[in-house]
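A short worksheet on the structure shown next.
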Amino acid sequence: MSKSLRPGRLTPFDILRLAGYGLGARPMRVVLSALGIAIGIAAMIAVVGISTSSRAELNRLLNALGTNLLSAEPGSSLFGEEAILPDESIAMLDRIAAVQTVTAIGNIADAKVYRNDKIPSAESGGIAVYSTRLNLLETVGGTVASGAWLNEATAQYPAVVLGAKAAERLGIGTVHTGMQIWLGGQWFTVIGVLDPIPLVPSLDLAALIGWQAGERYLDSEGEITTLYVRANPGAVEAVRPILARTANPAAPNEVDVSRPSDALAAEAAAESAFTGLLLGLGAVSLLVGGIGVANTMVISVLERRAEIGLRRSQGATRGHIRDQFLGEAFLLSLLGGGAGVVLGYGVTAVYATVQGWPTVVPLWVIAGGLLATLLIGGVAGLYPAIRAARVAPTEALAAS
């Protein structure tokens, strides 16, 4: 009794080998088709990677500088006039048990800063002048890049410390002995330049002098412009509501309290929203790449009818033909996806390195990118594969 013959089955390795032969016969077309997928995947990975690296840098800064810094500024009175913080506010805030340190700055609005006394008065560069308490750097988390910070002696004389951007605008890098600038109509000796202060960026474009020097040389009235309070990390939310009532018990409604670290958190949130928009653009690029794969496979089926007919006449089933062309679509998409992952990671690494950030590319975005390429390969290659499987061997051979 004779046994019915059963067609052979293609193993995954057989399908991969056939797909490789099919794509290798048309390398230029394969490269161009895979490029569309690669661009889409690279765009998605780079967008997420750069955004994640940026947030990692923000988190690093917050961890280094702390989120326990609070600030208080005079607001407006009930009649719309500018309020004033009492001189005793520093001492009163310092009595709060959960407060580690308190400091203040006072804006000297009439004082302008120039590199020398020959600069036209209109070209001040927008540099603000603040008289400051000596514990300012300790409170806001600032550091000195060059020179030294104010001390008990220099705070009483015409000595100035420049913020990072202020020094840049004045063309000052490393501080050296005898360096002076024209400040408030007289010469001040530059004794230091600060590093950027992420929690208080307004100080980056400022010239900082001692509180006594402001009163002695620039006729400052000693009014407090901003109070900075460093609280115990676990007591920030408890200190924040009582800050206004303590700084100005007579009119707490005239005190505006903020948390500088919230600005960095808001920046991270804004980047997250922008990332969503760019991811949408990356998805569009990916869709275009999928259409390119589908187009390539359809053309491949039309061009290879003779090959399909020959394989069918030699015993290949419709399933064999379908698996072969579907395998080609998957392989083509994977080639593009793999190239996109490498390109996207490379772009992220280069950009993060230039910015001085840590390079962070989440594993989920890499896995998601490769999964998306498989999905695109399956969807884009399904119709061409079914169409190839339906080609009758006699018609295919006759047409060739």
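The values are calculated or read from the model by the stated rules, or taken from the named source; none is laboratory data. This is a predicted model, so every value here is computed, not measured. In this analysis, Cβ positions are derived from the backbone assuming ideal geometry, glycine residues included, and neighbour counts consider all displayed protein chains. The protein model used for the area step is the full one, side chains on, heavy atoms only, and it has no ligands, DNA or RNA in it. Shrake-Rupley method; radii C 1.70, N 1.55, O 1.52, S 1.80 Å.
Observations on the model:
- The H on the amide N of GLN180, modeled in the peptide plane, is under 5 Å from the matching H of VAL190, each at least 5 residues off or on a different chain.
- Heavy-atom surface of the chain, accessible at 1.4 Å and reported per residue (Å²): 50
- Each residue, THR67 and GLN355, gets one label point 7 Å from its Cα in the Cβ direction; the gap between the two is 2.0 nm.
- For segment 327-379, the relative contact order is 62 percent, taking Cα pairs closer than 8 Å that sit 6 or more residues apart in sequence and dividing their mean separation by the residue count.
- Computed from Cα atoms, the angle from the helix 236-247 axis to the main principal axis of the chain rounds to 30 degrees.
- Per-residue 3J(HN,Hα) values for segment 127-141, derived from phi via the Karplus relation 6.51 cos²θ - 1.76 cosθ + 1.60 with θ = phi - 60°, read 7, 8, 10, 10, 8, 9, 7, 5, 8, 4, 4, 4, 6, 8, x Hz in sequence order (x marks Gly and Pro).
- Angle between the chain longest axis and helix 12-24 axis [Cα atoms, degrees, rounded to 10]: 80
- When each of the peptides 27-36, 168-177 is scored by the mean number of other C-beta atoms lying within 10 Å of its residues, the order from highest to lowest reads 27-36, 168-177.
- Apolar share of the accessible surface for segment 99-206: 49 percent from carbon plus sulfur atoms, 1.4 Å probe.
- Chain lengthening between ASP94 and LEU32 when straightened (0.36 nm per residue, less Cα-Cα): 15.5 nm
- Think of each Lys and Arg Cβ as +1 and each Asp and Glu Cβ as -1; about the Cα centre, that makes the dipole of the chain roughly 3600 debye.
- Cβ-based charge dipole, segment 84-183, positive-most Cα from ILE90, PRO120, THR132: PRO120
- Against the chain, whose longest principal axis comes from its Cα atoms, helix 363-389 is set at around 30 degrees.
- Relative contact order of segment 108-259: 28 percent, from C-alpha pairs under 8 Å at least 6 residues apart in sequence.
- Cα centroid separation, segment 347-372 to segment 311-344: 28 Å.
- Protein-only accessible surface order, largest first, of TRP182, TRP211 at 1.4 Å: TRP182, TRP211
- When segment 180-245 is described by a simple charge dipole with +1 on each Lys and Arg Cβ and -1 on each Asp and Glu Cβ, the residue from GLY214, ILE181, ALA231 located farthest towards its positive end is ALA231.
- Taking amide H atoms as placed 1.01 Å from N in the peptide plane, the amide H of ALA316 has no partner under 5 Å among residues 5 or more positions away or on other chains.
- For segment 157-165, 3J(HN,Hα) computed residue by residue from phi via the Karplus equation (6.51, -1.76, 1.60; θ = phi - 60°) reads 10, x, 10, 9, 10, 9, x, 4, 6 Hz, glycine and proline entered as x.
- Built amide H within the under 5 Å cut-off of GLN100, gap 5+: ARG230, ALA231, ASN232
- Rounded FRET efficiency, nearest 0.05, which uses the C-beta distance separating ALA367 from VAL144 and R0 of 30 Å: 0.10
- Among the listed values [x] 56; [y] 31; [z] 39, the one matching percent of Cα pairs over 33 Å apart as calculated from this structure is [x].
- Based on Cα contacts under 8 Å between residues 6+ apart, the chain shows a relative contact order of 29 percent.
- Centroid-to-centroid separation of segment 197-213 and segment 52-129 [C-alpha atoms, Å]: 7
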